Amino acid sequence: MGANKRSIFRIIIMMLIAVITLSSYKINAYPKLKSYDLSQLIKNEDMDDVRLTIYHASLLILTPYPWKVDDLIRATSEDKIVIEGKELEAYIPILNQINKDVLNPVWWKKSPYQDVRLYYVFESKKNGKLFDVGLWGFDNSHYVNGIEVKENRLFYDVIMPFLPDGEMKQFIKKWSLG
């Protein structure tokens, strides 16, 4: 009888170790999204050194596979829009709103699906890439610094003044978050 109790005890211990190991794996399976505050990142920069670059492709282009950010940049590098720092100063109030409150990671449906048709990046000469956003993923989610987050109107508001009038601007106005 003593051997049976030891066997049961060993099995319980092994199951406990397995549960702890698997639960810790599940918790750490997703990358952590830093508490970004775009206004703080830009505040620490000389505005003359900050640049916003926007890459966008027609929504009517059919591609043989869904585009990742690199595919979009490669296809649209000649059509990119570049806004230099001084032009961005008027939009600091919008940038001030992008913080940890609007960065809601999509944990429950981590999707590998991306079909990026719009990508923008804030960069500085001194520190390189500060913040980037790729649109769209599954269910219109966004990719902020490579991490999938829920859709938020602010991610559109940042670039709407700089987009040329056309299908992309019309699509965002009509379909994004009402």
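The values are calculated or read from the model by the stated rules, or taken from the named source; none is laboratory data. Owing to the predicted nature of the structure, the values given are computational and were not obtained by experimental measurement. Reconstructed Cβ throughout: ideal geometry from the backbone, glycine too, with neighbour counts over all protein chains shown. Side chains are part of the model used for accessible areas, which takes the heavy atoms of the whole protein and leaves out ligands, DNA and RNA. Shrake-Rupley method; radii C 1.70, N 1.55, O 1.52, S 1.80 Å.
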Item to check | Residue list for segment 122-159, restricted to those being charged (D, E, K, R), in a strand (DSSP E or B) and surrounded by fewer than 19 Cβ atoms within 10 Å (Cβ to Cβ) | outcome: 123, 129, 132
Checklist entry - Mind checking whether some residue in segment 71-83 is more than 13 Å from residue 118 (Cα to Cα), open to solvent by 30 Å² or more (accessible area, probe 1.4 Å) and not charged (D, E, K, R)? => result yes
Checklist entry - Hey, does segment 89-107 have a residue that's exposed (fewer than 12 other Cβ atoms within 10 Å of the Cβ), at pLDDT 80 or above and out of contact with any helix residue (DSSP H, G or I) (no Cβ under 8 Å at 6 or more places or on another chain)? => result yes
Next on the checklist: Looking at segment 137-158, I want the residues that are closer than 15 Å to residue 174 by Cα and have a partner that is exposed (fewer than 15 other Cβ atoms within 10 Å of the Cβ) and at pLDDT below 80 with Cβ atoms under 7 Å, at least 6 apart or on another chain. Which pairs are those?
Outcome noted: 151/140; 151/177; 153/177
Checklist outcome for this item: Taking segment 47-100 and keeping only residues that are closer than 18 Å to residue 169 by Cβ and polar (S, T, N, Q), one is left with 53, 58, 76
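Table: residues versus (1) modelled with pLDDT under 70; (2) of a type outside the set (S, T, N, Q); (3) open to solvent by less than 60 Å² (accessible area, probe 1.4 Å); (4) touching a helix residue (DSSP H, G or I) at 6+ places or on another chain (Cβ under 8 Å).
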| position | (1), (2), (3), (4) |
| --- | --- |
| 23 | yes, no, yes, no |
| 27 | yes, yes, no, no |
| 35 | yes, no, no, no |
| 38 | yes, yes, yes, yes |
| 48 | no, yes, no, yes |
| 51 | no, yes, no, yes |
| 57 | no, yes, yes, yes |
| 62 | no, yes, no, no |
| 67 | no, yes, yes, yes |
